[in-house]
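A quick write-up on the structure given underneath.
The values are calculated or read from the model by the stated rules, or taken from the named source; none is laboratory data. If you're wondering where the values come from, they're calculated on a predicted model, not measured in any experiment. Here Cβ is always computed from backbone atoms with ideal geometry, including for glycine, and neighbour counts include all displayed protein chains. Just so you know, the surface numbers come from the protein's heavy atoms only, side chains and all, with ligands and any DNA or RNA stripped out. Shrake-Rupley method; radii C 1.70, N 1.55, O 1.52, S 1.80 Å.
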Amino acid sequence: MKVSEILSTSTKAFPSLEIVPPMRGMTKNELLESIAPFMEFNPKYINVTSHRDEYEYREAADGSFSRHLIRNRISETTVCAAIMERYDIETIPHIICAGTTKEEIESKLDNLEFLGINNIVALRGDSMSSEKRFTPTPGGYSYASELVEGIRKYQGSASYRRSRKGDDDRYFCIGVGAYPEKHFEAPNIETDIANLKRKVDAGADYVITQMFFDNNVYYDFVAKCRAAGINVPIIPGLKPISTFRQVTSLPEAFSLDIPVELTEALKDAKDDREAAYRIGTEWCSMQCKDLIAHGVPAVHFYTMGKSDNIVKILQNCF
Ligand code: FAD
(Lines give C-alpha, C1' and ligand atoms only; values in the text may rest on other atoms or scores of the structure.)
Protein backbone atom coordinates (compact mmCIF):
# COMPACT_ATOMS: atom_id res chain seq x y z
CA MET A 1 0.00 0.00 0.00
CA LYS A 2 1.22 3.51 -0.74
CA VAL A 3 2.21 5.70 2.22
CA SER A 4 -0.30 8.31 1.03
CA GLU A 5 -3.10 5.73 1.38
CA ILE A 6 -1.78 4.53 4.76
CA LEU A 7 -1.72 8.13 5.98
CA SER A 8 -5.20 8.93 4.71
CA THR A 9 -6.78 5.77 6.18
CA SER A 10 -4.98 5.56 9.55
CA THR A 11 -7.07 6.59 12.50
CA LYS A 12 -4.15 7.00 14.90
CA ALA A 13 -0.45 7.81 14.79
CA PHE A 14 1.81 4.93 13.85
CA PRO A 15 5.60 4.41 13.97
CA SER A 16 7.78 4.07 10.89
CA LEU A 17 11.38 2.92 11.01
CA GLU A 18 14.41 3.85 8.96
CA ILE A 19 17.33 1.47 8.73
CA VAL A 20 20.76 1.76 7.15
CA PRO A 21 21.85 -1.06 4.78
CA PRO A 22 24.51 -3.28 6.34
CA MET A 23 28.19 -3.11 5.52
CA ARG A 24 29.55 -5.74 3.15
CA GLY A 25 30.15 -8.99 5.03
CA MET A 26 26.96 -8.97 7.10
CA THR A 27 24.66 -11.81 6.11
CA LYS A 28 21.02 -11.50 5.10
CA ASN A 29 20.00 -13.44 8.22
CA GLU A 30 22.02 -11.18 10.50
CA LEU A 31 20.29 -8.13 9.02
CA LEU A 32 16.83 -9.67 9.28
CA GLU A 33 17.46 -10.76 12.89
CA SER A 34 18.60 -7.24 13.74
CA ILE A 35 15.22 -5.79 12.73
CA ALA A 36 13.12 -8.67 14.16
CA PRO A 37 12.54 -6.82 17.51
CA PHE A 38 10.62 -4.11 15.60
CA MET A 39 8.20 -6.55 14.03
CA GLU A 40 6.09 -7.11 17.17
CA PHE A 41 4.95 -3.48 16.76
CA ASN A 42 3.62 -4.21 13.26
CA PRO A 43 5.30 -1.24 11.59
CA LYS A 44 3.45 -0.36 8.40
CA TYR A 45 6.69 0.12 6.47
CA ILE A 46 10.45 0.25 6.79
CA ASN A 47 12.62 2.86 5.06
CA VAL A 48 16.03 1.84 3.78
CA THR A 49 18.64 4.56 3.25
CA SER A 50 20.75 4.90 0.13
CA HIS A 51 24.48 5.62 0.13
CA ARG A 52 26.45 7.11 -2.69
CA ASP A 53 29.52 5.38 -4.02
CA GLU A 54 32.81 6.91 -2.99
CA TYR A 55 36.05 6.83 -4.97
CA GLU A 56 39.62 6.51 -3.85
CA TYR A 57 42.64 7.60 -5.89
CA ARG A 58 45.58 5.21 -5.61
CA GLU A 59 49.07 6.14 -6.68
CA ALA A 60 50.97 3.64 -8.80
CA ALA A 61 54.77 3.11 -8.70
CA ASP A 62 55.19 5.33 -11.79
CA GLY A 63 53.46 8.24 -10.02
CA SER A 64 50.20 7.94 -11.98
CA PHE A 65 46.84 7.78 -10.19
CA SER A 66 43.94 5.43 -10.82
CA ARG A 67 40.37 5.79 -9.55
CA HIS A 68 38.85 2.93 -7.49
CA LEU A 69 35.21 2.48 -6.53
CA ILE A 70 34.56 2.06 -2.80
CA ARG A 71 31.16 0.45 -2.24
CA ASN A 72 30.93 -0.56 1.40
CA ARG A 73 27.25 -1.18 1.83
CA ILE A 74 24.70 -3.57 0.39
CA SER A 75 22.30 -1.71 -1.92
CA GLU A 76 18.96 -0.42 -0.62
CA THR A 77 17.09 -2.38 -3.33
CA THR A 78 18.69 -5.66 -2.22
CA VAL A 79 17.89 -4.92 1.43
CA CYS A 80 14.27 -4.06 0.57
CA ALA A 81 13.89 -7.32 -1.37
CA ALA A 82 15.32 -9.32 1.57
CA ILE A 83 12.97 -7.68 4.09
CA MET A 84 9.91 -8.20 1.87
CA GLU A 85 10.81 -11.87 1.37
CA ARG A 86 10.96 -12.51 5.15
CA TYR A 87 8.35 -10.13 6.55
CA ASP A 88 4.96 -9.13 5.21
CA ILE A 89 5.75 -5.43 5.17
CA GLU A 90 6.14 -2.52 2.74
CA THR A 91 9.68 -1.28 2.22
CA ILE A 92 10.65 2.20 1.10
CA PRO A 93 14.02 2.61 -0.55
CA HIS A 94 15.58 6.06 -0.58
CA ILE A 95 16.73 7.30 -3.98
CA ILE A 96 19.45 9.93 -4.12
CA CYS A 97 20.68 12.21 -6.90
CA ALA A 98 24.26 12.09 -5.59
CA GLY A 99 26.62 10.10 -7.79
CA THR A 100 23.87 8.93 -10.17
CA THR A 101 22.74 9.82 -13.67
CA LYS A 102 19.09 10.23 -14.69
CA GLU A 103 19.28 7.00 -16.72
CA GLU A 104 20.64 5.06 -13.74
CA ILE A 105 17.76 6.35 -11.63
CA GLU A 106 15.24 5.26 -14.30
CA SER A 107 16.79 1.81 -14.29
CA LYS A 108 16.55 1.71 -10.49
CA LEU A 109 12.86 2.65 -10.69
CA ASP A 110 12.25 -0.19 -13.17
CA ASN A 111 13.92 -2.63 -10.75
CA LEU A 112 11.78 -1.37 -7.86
CA GLU A 113 8.62 -1.68 -9.91
CA PHE A 114 9.65 -5.24 -10.81
CA LEU A 115 9.82 -6.02 -7.07
CA GLY A 116 6.35 -4.49 -6.53
CA ILE A 117 7.72 -1.52 -4.58
CA ASN A 118 5.65 1.60 -5.17
CA ASN A 119 6.95 3.87 -2.40
CA ILE A 120 10.22 5.82 -2.48
CA VAL A 121 11.82 8.74 -0.67
CA ALA A 122 13.56 11.14 -3.09
CA LEU A 123 16.61 13.02 -1.82
CA ARG A 124 19.57 14.92 -3.13
CA GLY A 125 22.24 13.22 -0.99
CA ASP A 126 25.47 14.86 0.12
CA SER A 127 28.90 15.57 -1.29
CA MET A 128 31.62 12.92 -1.33
CA SER A 129 33.96 13.06 1.67
CA SER A 130 36.66 14.40 -0.69
CA GLU A 131 34.44 17.33 -1.88
CA LYS A 132 33.68 20.62 -0.12
CA ARG A 133 30.26 21.16 -1.69
CA PHE A 134 27.70 18.98 -3.38
CA THR A 135 28.50 18.65 -7.09
CA PRO A 136 25.84 17.12 -9.34
CA THR A 137 26.94 14.13 -11.39
CA PRO A 138 27.13 14.94 -15.14
CA GLY A 139 23.77 13.79 -16.53
CA GLY A 140 22.28 13.75 -13.04
CA TYR A 141 20.04 15.98 -10.93
CA SER A 142 21.12 19.01 -8.86
CA TYR A 143 18.21 19.10 -6.41
CA ALA A 144 15.65 16.71 -4.99
CA SER A 145 12.87 18.77 -6.63
CA GLU A 146 14.39 17.96 -10.05
CA LEU A 147 14.53 14.29 -9.06
CA VAL A 148 10.83 14.27 -8.10
CA GLU A 149 9.96 16.02 -11.36
CA GLY A 150 12.16 13.57 -13.30
CA ILE A 151 10.46 10.55 -11.71
CA ARG A 152 6.99 11.88 -12.53
CA LYS A 153 8.10 12.74 -16.07
CA TYR A 154 9.66 9.33 -16.67
CA GLN A 155 6.51 7.53 -15.60
CA GLY A 156 4.36 9.84 -17.67
CA SER A 157 6.46 9.36 -20.82
CA ALA A 158 4.92 7.71 -23.86
CA SER A 159 7.61 4.97 -24.03
CA TYR A 160 7.09 4.10 -20.37
CA ARG A 161 3.33 3.97 -20.80
CA ARG A 162 3.65 1.78 -23.93
CA SER A 163 5.68 -0.79 -22.00
CA ARG A 164 3.16 -1.10 -19.16
CA LYS A 165 -0.56 -1.66 -18.96
CA GLY A 166 -2.52 1.10 -17.29
CA ASP A 167 0.34 2.59 -15.29
CA ASP A 168 0.57 6.33 -14.89
CA ASP A 169 2.93 8.96 -13.58
CA ARG A 170 1.64 8.41 -10.02
CA TYR A 171 2.86 4.79 -9.76
CA PHE A 172 5.33 5.81 -7.04
CA CYS A 173 4.23 7.51 -3.86
CA ILE A 174 7.09 9.92 -3.19
CA GLY A 175 8.30 11.22 0.18
CA VAL A 176 10.88 14.01 0.51
CA GLY A 177 13.09 15.35 3.32
CA ALA A 178 12.76 18.62 5.25
CA TYR A 179 14.73 20.44 7.94
CA PRO A 180 12.86 22.11 10.83
CA GLU A 181 16.14 23.80 11.79
CA LYS A 182 16.98 24.66 8.15
CA HIS A 183 19.16 22.70 5.76
CA PHE A 184 22.78 23.66 6.43
CA GLU A 185 23.27 25.13 2.93
CA ALA A 186 20.12 27.29 2.92
CA PRO A 187 20.58 31.00 3.68
CA ASN A 188 17.43 31.10 5.85
CA ILE A 189 14.44 28.96 6.80
CA GLU A 190 12.04 30.85 4.48
CA THR A 191 14.19 30.08 1.41
CA ASP A 192 14.54 26.47 2.53
CA ILE A 193 10.75 26.16 2.90
CA ALA A 194 10.28 27.73 -0.56
CA ASN A 195 12.60 24.99 -1.87
CA LEU A 196 10.62 22.35 0.01
CA LYS A 197 7.50 23.66 -1.73
CA ARG A 198 9.23 23.12 -5.10
CA LYS A 199 9.49 19.40 -4.19
CA VAL A 200 5.81 19.20 -3.27
CA ASP A 201 4.77 21.15 -6.37
CA ALA A 202 6.89 18.75 -8.46
CA GLY A 203 4.80 15.85 -7.16
CA ALA A 204 5.96 14.77 -3.67
CA ASP A 205 3.15 13.22 -1.63
CA TYR A 206 4.47 13.77 1.89
CA VAL A 207 7.44 15.03 3.87
CA ILE A 208 9.66 13.46 6.56
CA THR A 209 11.66 15.80 8.75
CA GLN A 210 15.23 15.65 9.89
CA MET A 211 15.56 14.70 13.58
CA PHE A 212 14.96 17.44 16.16
CA PHE A 213 15.06 17.46 19.96
CA ASP A 214 12.64 20.29 20.75
CA ASN A 215 9.09 19.69 19.56
CA ASN A 216 8.36 23.43 19.41
CA VAL A 217 10.86 23.63 16.55
CA TYR A 218 8.74 21.09 14.64
CA TYR A 219 5.41 22.79 15.46
CA ASP A 220 6.77 26.19 14.32
CA PHE A 221 8.14 24.62 11.16
CA VAL A 222 4.83 22.97 10.28
CA ALA A 223 3.01 26.28 10.85
CA LYS A 224 5.46 28.06 8.48
CA CYS A 225 5.08 25.31 5.86
CA ARG A 226 1.27 25.57 6.01
CA ALA A 227 1.51 29.37 5.68
CA ALA A 228 3.73 28.85 2.62
CA GLY A 229 1.07 26.64 1.02
CA ILE A 230 2.59 23.20 1.73
CA ASN A 231 -0.42 21.06 2.50
CA VAL A 232 0.89 17.47 2.40
CA PRO A 233 1.51 15.45 5.62
CA ILE A 234 4.75 16.38 7.43
CA ILE A 235 5.95 13.36 9.42
CA PRO A 236 8.29 14.21 12.33
CA GLY A 237 11.60 12.32 12.47
CA LEU A 238 13.09 11.35 15.84
CA LYS A 239 16.31 9.78 16.98
CA PRO A 240 17.07 8.93 20.60
CA ILE A 241 20.47 10.12 21.82
CA SER A 242 22.40 7.11 23.08
CA THR A 243 25.80 8.47 24.16
CA PHE A 244 27.16 11.66 25.72
CA ARG A 245 29.38 12.16 22.65
CA GLN A 246 26.30 12.73 20.47
CA VAL A 247 25.73 16.08 22.23
CA THR A 248 28.48 17.37 19.95
CA SER A 249 28.52 14.87 17.08
CA LEU A 250 24.82 15.23 16.11
CA PRO A 251 24.86 19.05 15.85
CA GLU A 252 28.06 18.78 13.80
CA ALA A 253 26.70 16.15 11.45
CA PHE A 254 23.12 17.42 11.07
CA SER A 255 23.23 21.18 11.84
CA LEU A 256 20.72 21.01 14.67
CA ASP A 257 20.37 22.19 18.27
CA ILE A 258 20.23 20.07 21.41
CA PRO A 259 18.14 21.84 24.09
CA VAL A 260 20.03 23.08 27.18
CA GLU A 261 18.00 20.87 29.54
CA LEU A 262 18.93 17.71 27.62
CA THR A 263 22.55 18.82 27.25
CA GLU A 264 22.87 19.45 31.00
CA ALA A 265 21.25 16.11 31.88
CA LEU A 266 23.66 14.30 29.56
CA LYS A 267 26.64 16.24 30.93
CA ASP A 268 25.75 14.98 34.41
CA ALA A 269 25.82 11.44 32.97
CA LYS A 270 29.11 12.00 31.12
CA ASP A 271 30.86 9.05 32.75
CA ASP A 272 27.83 6.81 33.04
CA ARG A 273 26.98 5.21 29.69
CA GLU A 274 23.83 3.53 30.96
CA ALA A 275 22.49 6.77 32.43
CA ALA A 276 23.18 8.67 29.17
CA TYR A 277 21.38 5.94 27.21
CA ARG A 278 18.42 6.06 29.60
CA ILE A 279 18.20 9.87 29.48
CA GLY A 280 18.23 9.86 25.66
CA THR A 281 15.55 7.17 25.53
CA GLU A 282 13.31 8.96 28.05
CA TRP A 283 13.69 12.29 26.21
CA CYS A 284 12.72 10.72 22.90
CA SER A 285 9.72 8.95 24.52
CA MET A 286 8.61 12.28 25.94
CA GLN A 287 8.92 13.92 22.51
CA CYS A 288 7.04 11.08 20.86
CA LYS A 289 4.13 11.14 23.35
CA ASP A 290 3.82 14.91 22.95
CA LEU A 291 3.83 14.67 19.14
CA ILE A 292 1.11 12.01 19.22
CA ALA A 293 -0.94 14.17 21.62
CA HIS A 294 -0.62 17.00 19.06
CA GLY A 295 -2.14 14.77 16.37
CA VAL A 296 0.83 13.93 14.12
CA PRO A 297 -0.04 11.25 11.55
CA ALA A 298 3.08 9.12 12.20
CA VAL A 299 6.45 9.26 13.91
CA HIS A 300 9.54 8.30 11.90
CA PHE A 301 12.46 6.80 13.82
CA TYR A 302 16.06 6.97 12.65
CA THR A 303 17.21 3.63 14.08
CA MET A 304 20.82 3.87 12.85
CA GLY A 305 21.38 0.18 13.44
CA LYS A 306 20.15 0.27 17.06
CA SER A 307 17.01 -1.47 18.25
CA ASP A 308 16.95 -1.62 22.11
CA ASN A 309 16.23 2.07 22.72
CA ILE A 310 13.75 2.28 19.83
CA VAL A 311 11.89 -0.80 21.09
CA LYS A 312 11.65 0.77 24.55
CA ILE A 313 10.24 4.00 23.02
CA LEU A 314 7.74 2.06 20.92
CA GLN A 315 6.64 0.19 24.08
CA ASN A 316 6.27 3.52 25.92
CA CYS A 317 4.34 5.33 23.20
CA PHE A 318 2.38 3.01 20.88
P1 FAD B 1 17.26 19.38 -1.59
O2 FAD B 1 15.81 19.43 -1.33
O3 FAD B 1 17.72 19.33 -3.00
O4 FAD B 1 17.90 20.66 -0.86
C5 FAD B 1 19.32 20.78 -0.73
C6 FAD B 1 19.67 22.25 -0.52
O7 FAD B 1 19.44 22.97 -1.74
C8 FAD B 1 18.82 22.97 0.53
O9 FAD B 1 19.63 23.92 1.16
C10 FAD B 1 17.73 23.66 -0.30
O11 FAD B 1 17.21 24.81 0.36
C12 FAD B 1 18.51 24.01 -1.56
N13 FAD B 1 17.69 24.02 -2.77
C14 FAD B 1 16.75 23.12 -3.14
N15 FAD B 1 16.24 23.43 -4.35
C16 FAD B 1 16.90 24.53 -4.77
C17 FAD B 1 16.85 25.33 -5.95
N18 FAD B 1 16.03 25.03 -6.96
N19 FAD B 1 17.68 26.40 -6.05
C20 FAD B 1 18.54 26.71 -5.03
N21 FAD B 1 18.64 25.98 -3.89
C22 FAD B 1 17.82 24.93 -3.77
N23 FAD B 1 21.09 11.20 2.48
C24 FAD B 1 21.57 10.12 1.83
O25 FAD B 1 22.66 10.18 1.25
N26 FAD B 1 20.88 8.94 1.80
C27 FAD B 1 19.66 8.80 2.42
O28 FAD B 1 19.06 7.73 2.38
C29 FAD B 1 19.13 9.93 3.12
N30 FAD B 1 17.93 9.86 3.74
C31 FAD B 1 17.40 10.99 4.31
C32 FAD B 1 16.11 10.93 4.85
C33 FAD B 1 15.52 12.07 5.40
C34 FAD B 1 14.12 11.99 5.94
C35 FAD B 1 16.24 13.30 5.42
C36 FAD B 1 15.62 14.53 6.02
C37 FAD B 1 17.53 13.36 4.90
C38 FAD B 1 18.12 12.22 4.33
N39 FAD B 1 19.39 12.25 3.75
C40 FAD B 1 19.89 11.14 3.12
C41 FAD B 1 20.21 13.46 3.82
C42 FAD B 1 20.04 14.38 2.59
O43 FAD B 1 20.46 13.72 1.41
C44 FAD B 1 20.90 15.61 2.82
O45 FAD B 1 20.42 16.34 3.92
C46 FAD B 1 21.10 16.53 1.62
O47 FAD B 1 22.10 17.49 1.98
C48 FAD B 1 19.86 17.31 1.19
O49 FAD B 1 18.95 16.49 0.63
P50 FAD B 1 17.50 17.05 0.20
O51 FAD B 1 16.82 15.97 -0.51
O52 FAD B 1 16.80 17.66 1.35
O53 FAD B 1 17.99 18.19 -0.84
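Annotations
- Test: ILE208 is within 13 Å of the ligand (Cβ to nearest atom), β-branched (Val, Ile, Thr) and in a strand (DSSP E or B): yes
- Residue, surrounded by the fewest Cβ atoms within 10 Å (Cβ to Cβ), within the range 95-121, restricted to residues that are under 17 Å from MET1 (Cα atoms) and within 14 Å of the ligand (Cβ to nearest atom): ASN119
- Taking the criterion of being open to solvent by 10 Å² or more (accessible area, probe 1.4 Å) and within 14 Å of the ligand (Cβ to nearest atom), the residues of the range 222-231 that qualify are LYS224, ALA228.
Per-residue answers, yes or no, for (1) under 23 Å from ASN119 (Cβ atoms); (2) loosely packed, with under 13 Cβ neighbours inside 10 Å; (3) aromatic (Phe, Trp, Tyr); (4) more than 9 Å from the ligand (Cβ to nearest atom):
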residue	(1), (2), (3), (4)
ASP169	yes, no, no, yes
CYS173	yes, no, no, yes
ALA178	yes, no, no, no
GLU181	no, no, no, yes
ILE189	no, no, no, yes
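- Of all residues in the range 70-85, those satisfying the criterion of being buried (at least 16 other Cβ atoms within 10 Å of the Cβ) and away from the ligand (no atom under 16 Å from the Cβ) are ALA81, ALA82, MET84.
- Of the candidates VAL247, VAL296, the single residue that is open to solvent by 10 Å² or more (accessible area, probe 1.4 Å) and in a loop (DSSP other than H, G, I, E, B) is VAL296.
- You will find that of GLY150, GLY139, the residue that is loosely packed, with under 13 Cβ neighbours inside 10 Å and either aliphatic (A, V, I, L, M) or modelled with pLDDT of 95 or more (or both) is GLY139 and no other.
- Filter result for LEU291 (within 16 Å of the ligand (Cβ to nearest atom), in contact with a helix residue (DSSP H, G or I) (Cβ under 9 Å, 6 or more places away or on another chain), open to solvent by less than 90 Å² (accessible area, probe 1.4 Å) and in a helix (DSSP H, G or I)): yes
- Matching residues in the range 39-69 - criterion: being under 22 Å from the mean Cα position of the chain (by Cα), within 16 Å of the ligand (Cβ to nearest atom) and farther than 23 Å from PHE172 by Cα: ASP53, GLU54
- Residue that is nearest to PRO233 (Cα to Cα), among those in the range 299-318 that are out of contact with any helix residue (DSSP H, G or I) (no Cβ under 8 Å at 6 or more places or on another chain), within 16 Å of the ligand (Cβ to nearest atom) and open to solvent by 10 Å² or more (accessible area, probe 1.4 Å): TYR302
- Number of the exception - ARG124 against (1) near the ligand (Cβ under 7 Å from one of its atoms); (2) in contact (Cβ under 8 Å) with a residue 40 or more places away in the chain; (3) open to solvent by 30 Å² or more (accessible area, probe 1.4 Å); (4) in contact with a Ser or Thr (Cβ under 9 Å, 6 or more places away or on another chain): (2)
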